Amino acid sequence: MMATLAIDKAIAKVPFLAKSKNVKKIPLTGGITNLNFKIEADGRAYVLRLAGEGTDLLGIKRDVECAANKAAGELGIAPEIMYFIEPEGYIVTRFVNGKHISPKDIVQPDYLARVANKLRLFHRRAPKLKNEFNVFKRVEMLTSVSKKHGSTFPKDWDFIMQKTNEVRKALEKDPYTPTPCHNDLLNLNWLEEEVPGEIGEIRLLDWEYAGMGDIFFDLANFSHHHRLNEDQIEDFLYYYFGEVTDKHYARLRLMWPMSELHEAMWGTTQTGISKLEEDFQGYADLWFGRFREHVTDFRWEQWLKDVAKKK
């Protein structure tokens, strides 16, 4: 009932929808913290995204999301923005008639090359965003919010922080250049647009965590969400950089568990702030487990050294 009320109020604020006599609202599944609707009006289709309650506590800035999505739309990476509803921070984009790219397909060489090209295009061509995305600061922020809301932390939190600090110190030897990044490259955020008789473009959705960050966070974030194996990691790095160096490989491998820790802390924070009926604790536990797996890899010390190499 609340969602119906919110969607009707939102539609009334969009001039080209408010004037339409025949508006259809179809809920879209897949999101957890936001509500998404397909809106059909006057022979056209849009997606209207209602921002979830309390998402500001996750560090989400809706004006930055809009700016990133707008830039990505203009670059042919994301569905184009049609309207931004303020002050609510709701976004209306073009509805992409697309198909989900399965996890097993997107890791094949052809798709990996296309993903790398889309990411590189955004990293190089998007304008500066008015938000920082530094995984270490994000984890500190989410830790602070979680503690305030009584969330449960793992028994080995000291060990998790020790490993995190090892990575932080290693990467500080060669600081990154803040670059426009997406920072949330899970599988559901990738679509292949279906165009009759043609090969469609890959489209990247959900820009709410976009900000000025480290390109290796994006590369690692995509890699861990899709469980890339050794060959796929090398292919992915090659498609992005045109070469595979020990330094690049190590940087991705160290950022990988940092990205998993970010997922775990997102789940931990949600256990304290969310009113949704989701197993956020289970989600957090899964990602803490994957973090442990990667920081205990026998090559860990080597990666810590390799990130300081010239190449």
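Here Glu88 meets each of (1) under 18 Å from the mean Cα position of the chain (by Cα); (2) in contact (Cβ under 8 Å) with a residue 24 or more places away in the chain; (3) not in a strand (DSSP E or B) with one exception, condition (1).
Within the stretch 271-304, the set of residues being polar (S, T, N, Q) and free of Cβ contacts under 8 Å to residues at least 40 places away in the same chain comprises Thr296 only.
Lys104 - would you say it is basic (Lys, Arg), modelled with pLDDT of 95 or more and surrounded by 20 or more Cβ atoms within 10 Å (Cβ to Cβ)? So Lys104 does not fit the description; no. Scanning the stretch 180-204 for residues that are surrounded by fewer than 23 Cβ atoms within 10 Å (Cβ to Cβ), within 9 Å of the chain's Cα centre (by Cα) and either assigned by TED's automatic domain parsing to the domain that holds Ala71 or aliphatic (A, V, I, L, M) (or both) yields a single hit, Leu186. When residues in the stretch 91-101 are screened for being over 24 Å from Ala10 (Cβ atoms) and either of a type in the set (Ser, Thr, Tyr) or buried (at least 18 other Cβ atoms within 10 Å of the Cβ) (or both), 1 of them pass. On the given criteria, is Tyr83 in contact with a strand residue (DSSP E or B) (Cβ under 6 Å, 6 or more places away or on another chain), modelled with pLDDT of 85 or more and among the hydroxyl-bearing types (Ser, Thr, Tyr)? The answer is no for Tyr83.
The values are calculated or read from the model by the stated rules, or taken from the named source; none is laboratory data. Keep in mind that this is a model prediction, so the values were computed, not measured. Using ideal geometry, Cβ is built from the backbone for each residue, glycine included, and neighbour counts are taken over all protein chains shown.
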